[in-house]
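Nothing in this text is a laboratory measurement; each read-out follows from the coordinates by a stated rule. This one's a predicted model, so the numbers in the text were calculated from it and none came from an experiment. So basically every Cβ, Gly included, is an ideal-geometry build from the backbone, and we count neighbours across all protein chains shown.
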Amino acid sequence: MVSNGRELADIALAALNDVAIGAEFKLIDLVDLEVWSRARIGVRRAAGTTFLARMMIAPGIECLGRDLENHQRYRKVG
């Protein structure tokens, strides 16, 4: 079980290699659903904040804004 948001964000970052260019995704799409659901809500929120901060400076990733469920959306552009 993940113990903090940074650890969960690191798992998602590692999965970015498998995302196709042009694909839209959310943080939850990059993490195994079982790992995500076992993480406490505070850990998931912290992971979202950490991941967003990293994506704001990451080349090849566009931040698209939030969806109706208040999840940040991203697009891999290169």
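Numbers for the structure displayed
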{"read-out": "Of all residues making up segment 1-30, the number that are in a helix (DSSP H, G or I) and either among the basic types (K, R) or more than 13 Å from Q72 (Cβ to Cβ) (or both)", "value": "12"}
{"read-out": "Residue in segment 31-44 that is more than 13 Å from K76 (Cβ to Cβ), within 10 Å of the chain's Cα centre (by Cα) and outside any loop (DSSP other than H, G, I, E, B) present", "value": "yes"}
{"read-out": "Extreme residue, surrounded by the most Cβ atoms within 10 Å (Cβ to Cβ), among residues of segment 59-78 that are in a loop (DSSP other than H, G, I, E, B) and of a type in the set (G, A, S)", "value": "G60"}
{"read-out": "Lone unmet requirement of (1) assigned to a loop (DSSP other than H, G, I, E, B); (2) β-branched (V, I, T); (3) under 10 Å from the mean Cα position of the chain (by Cα) for T49", "value": "(1)"}
